[in-house]
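Notes for the one structure printed next.
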Amino acid sequence: MALTRDEREQFLAEPHIAALAVDAGEGRAPLTVPIWYQYEPGGDAWILTGADSRKARLIADAGRFSLMVERLDPTIRYVSVEGPVISTQPATRELLEEVSARYLPAEKVQGYVDFAWREHGEQVVIRLRPQRWVASDLGQV
């Protein structure tokens, strides 16, 4: 069953690990990797990644990417969103804290942020404007 706009946006706003996919160039399948992301209904989605990472270079070249999230329980449900990059900017510690708090228990956030800020090198925030959606709930299969 197709999801309504509100249902798909609310589902994407939940803290799922996304599969990010981006064109990897001629003769290659898309690069598909798991990633943390942030999204609020009606807004843009964003990710944080290494400034010099393959993922960041491919996204810059393609100018767009997709995110897909899913769950298995209580029903099989997924949402895929694709769209253009609307901005790329240097990451801030505050944005790293925001996305980390989405996925980690409160008592683990500061330790992870300290580690990641120190060890992961220069990071960028890449914002995606949701343009195309594919979403469904397959019910009790």
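Structure summary
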| item | result |
| --- | --- |
| Heavy-atom surface of the chain, accessible at 1.4 Å and reported per residue (Å²) | 56 |
| Cα-projected label distance for A60 with R93, points at 7 Å along beta-carbon direction, nm | 2.6 |
| Percent accessible area from carbon and sulfur atoms, the chain, protein chains only, probe 1.4 Å | 51 |
| For G63, net neighbour charge (Lys/Arg +1, Asp/Glu -1) across residues whose Cβ lies under 13 Å away | +1 |
| Under the Karplus curve 6.51 cos²θ - 1.76 cosθ + 1.60, θ = phi - 60°, whole-Hz ³J(HN,Hα) for region 66-76, x wherever Gly or Pro sits | 10, 10, 10, 10, 8, 9, 10, 9, x, 9, 7 |
| Point-to-point label distance, R71-V134, nm (Cα→Cβ direction, 7 Å offset) | 2.1 |
| Region 1-44-region 83-135 distance, computed between alpha-carbon centres (Å) | 14 |
| √(5λ) per eigenvalue of the Cα gyration tensor, region 54-119, largest first, Å | 24, 22, 9 |
| Cβ-defined net charge surrounding I126, 12 Å radius [Lys, Arg +1; Asp, Glu -1] | +4 |
| Debye intensity ratio I(q)/I(0), log10, region 11-126, q values 0.18, 0.23 Å⁻¹ (C-alpha model) | -0.99, -1.42 |
| Peptides 64-74, 99-109 ordered by average Cβ neighbours within 10 Å, highest first | 64-74, 99-109 |
| Around A13: net Lys/Arg minus Asp/Glu count, Cβ-Cβ under 15 Å | -3 |
| Y112 paired with A24, simple spin-label distance in nm, labels 7 Å along Cα-to-beta-carbon | 2.6 |
| Average Cα contact separation per residue, the chain, under 8 Å, 6 or more apart, as relative contact order % | 31 |
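The values are calculated or read from the model by the stated rules, or taken from the named source; none is laboratory data. Everything quoted here is computed from the prediction, not taken from an experiment. Here Cβ is always computed from backbone atoms with ideal geometry, including for glycine, and neighbour counts include all displayed protein chains. Surface accessibility is based on the protein's heavy atoms, side chains included, excluding ligands, DNA and RNA. Shrake-Rupley method; radii C 1.70, N 1.55, O 1.52, S 1.80 Å.
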